[in-house]
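The values are calculated or read from the model by the stated rules, or taken from the named source; none is laboratory data. All values derive from a computational prediction rather than experimental measurement. Neighbour counts run over all protein chains shown; Cβ positions are idealised from the backbone, glycine included. Ligands, DNA and RNA are excluded from the accessible area calculation, which covers all protein heavy atoms including side chains. Shrake-Rupley method; radii C 1.70, N 1.55, O 1.52, S 1.80 Å.
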Amino acid sequence: MADPQLVEKIMENYKKNLPKKIFDELKEKLISLNASEDQLNKIIEEVYREYLNSLIEPGEAVGTVAAQSVGEPGTQMTLRTFHYAGVREFNVTLGLPRLIEIVDARRTPSTPTMIIRLDEEHKYSLEKAKEVASKIERITIENIAKSIEYDMINSSFIIEIDEEIAHDKGIDLEYVAKVLGRLKVGNVEIEGNKIIVHCETTSIDKIKRLREKILDLRLKGVKGIKRVLVQKEGDEYVIYTDGSNLAGVLQIKGIDPYKVYTNNIFEIAEVLGIEAARAAIIREAYQVLDQQGLDVDIRHVMLIADLMTMTGRIRQIGRHGVSGEKSSVLARAAFEVTVKHLLEAAAHGEEDALEGVTENVIVGQSIPLGTGIIELLMHFPRRGG
Amino acid sequence: MSKFDIFKHELVPKAVVLSKEEVEELRRLYGIRKEQLPWIRRSDPMCRALGAKPGDVIKIIRKSPVAGEAIAYRYVVPW
């Protein structure tokens, strides 16, 4: 056993130069080692040298390597494309379609879902978890109505409510009537299990639209959350949802607001900021690759996420994002829609400084990568010294 | 519910606004202009929580699965 204080003292200088993880691990190992101060010093030096050797060299084509490292496993995924794996009853897009969704920065994923963890009070009891879940699930009139009819003679809608379902969801008729009243279409009456909404208009078009509006009227829950599912995970209950609305769910009491997760990256960017979105992109993309059993180094995914969030908003990898915003005309033209870019550049009299890789490949010069990234300037000695 | 603090969320890393001197030091260390750093918008929830103004540089202390802890910087842009 080496003296912890001695190890601490020797390692002091390396604290800034070594990553925290390596530093901590090294420290722990050194303390458990039975070594002299001299030996300790040598070990640390050796570790530091190895660390420096493992760093990426300036000029290394990290982007190309990342593209290859994600792209090649992607070709293996294509065969298993459009497979859905359910969280019991839900379908969640996985595999290549989901990966494309992420790098294309689609505003809404094809299957938005949320994972909502509960606070201390609610997470250990199924009853209480269900109580929270019912506050989140969006319930419309359509969900609790048996039928909806339009009475031509009295020009009114007759909505028959399924009282059993309504009771199950914790909604009574008075409440439904109150919400309908807020629509401001006319008087609302309750008759047994029927609700009658009088409306003034007689135009068929308007009535049709009104019918849709009534059916889609939100009685309770969070906008956009279509279904919820309470599942047990370990000793706590977790809510899974179909549909996503981060800002809305954060308002609900009984959840743990600091652990809410959604697979809608744009919502995360809006509510939690671009850094959280970066973390979410990494998490989502890596998860897809991992689920498919593909062992891709997370650093490649991190690079992609960094590039996508560089400008403070989420950009897609492609024509409308990263590639389309390159400063070089030739590089843009080489990617997609060649003619459009060349024509526009000609019309605007654009210049190309030939600073990137693609442009230089096109004109046949050495590319600014690896050793080519170094630019040499001659130093002319002044007269007399 | 008490006010929602985004920094407590598991996806949001810790962040601080750098002082003028620190920005200068950072600039000299990397030999770059501060606009060459990645950007963050003034309207970003993180910027609003920190009260950062355009022209500021934010230091972000991310939790990284590879390095344990990784430091990144973002330059606040005015849109």
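Here are some notes:
Condition check ((1) free of Cβ contacts under 8 Å to residues at least 24 places away in the same chain; (2) within 29 Å of residue A:108 (Cα to Cα); (3) open to solvent by 70 Å² or more (accessible area, probe 1.4 Å)) across all residues:
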site: A:280; (1), (2), (3): yes, yes, no
site: A:300; (1), (2), (3): no, yes, no
site: A:312; (1), (2), (3): no, yes, no
site: A:322; (1), (2), (3): yes, yes, no
site: A:346; (1), (2), (3): yes, no, yes
site: A:352; (1), (2), (3): no, no, no
site: A:364; (1), (2), (3): yes, no, no
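- The strands (runs of 3 or more DSSP E) found entirely in segment A:93-178 that carry 2 or more residues being open to solvent by 60 Å² or more (accessible area, probe 1.4 Å) are A:145-151.
- Selection within segment A:205-247 - open to solvent by 20 Å² or more (accessible area, probe 1.4 Å) and within 14 Å of chain B (Cβ to nearest Cβ): A:247
- Qualifying helices (runs of 4 or more DSSP H) (wholly inside segment A:2-83; at least 1 residues being open to solvent by less than 70 Å² (accessible area, probe 1.4 Å) and basic (Lys, Arg)): A:20-32
- Of the listed requirements (1) open to solvent by 30 Å² or more (accessible area, probe 1.4 Å); (2) under 20 Å from residue A:285 (Cα atoms); (3) at pLDDT below 85, residue A:88 misses just one: (2).
- Applying the criterion of at least 2 residues that are more than 11 Å from chain A (Cβ to nearest Cβ) to the strands (runs of 3 or more DSSP E) found wholly in chain B leaves B:14-17, B:57-64.
- Selection within segment B:28-48: residues that are in contact (Cβ under 8 Å) with a residue 40 or more places away in the chain and either in contact with a Leu (Cβ under 6 Å, 6 or more places away or on another chain) or open to solvent by 60 Å² or more (accessible area, probe 1.4 Å) (or both). The member of this set that is nearest to residue A:311 (Cα to Cα) is B:35.
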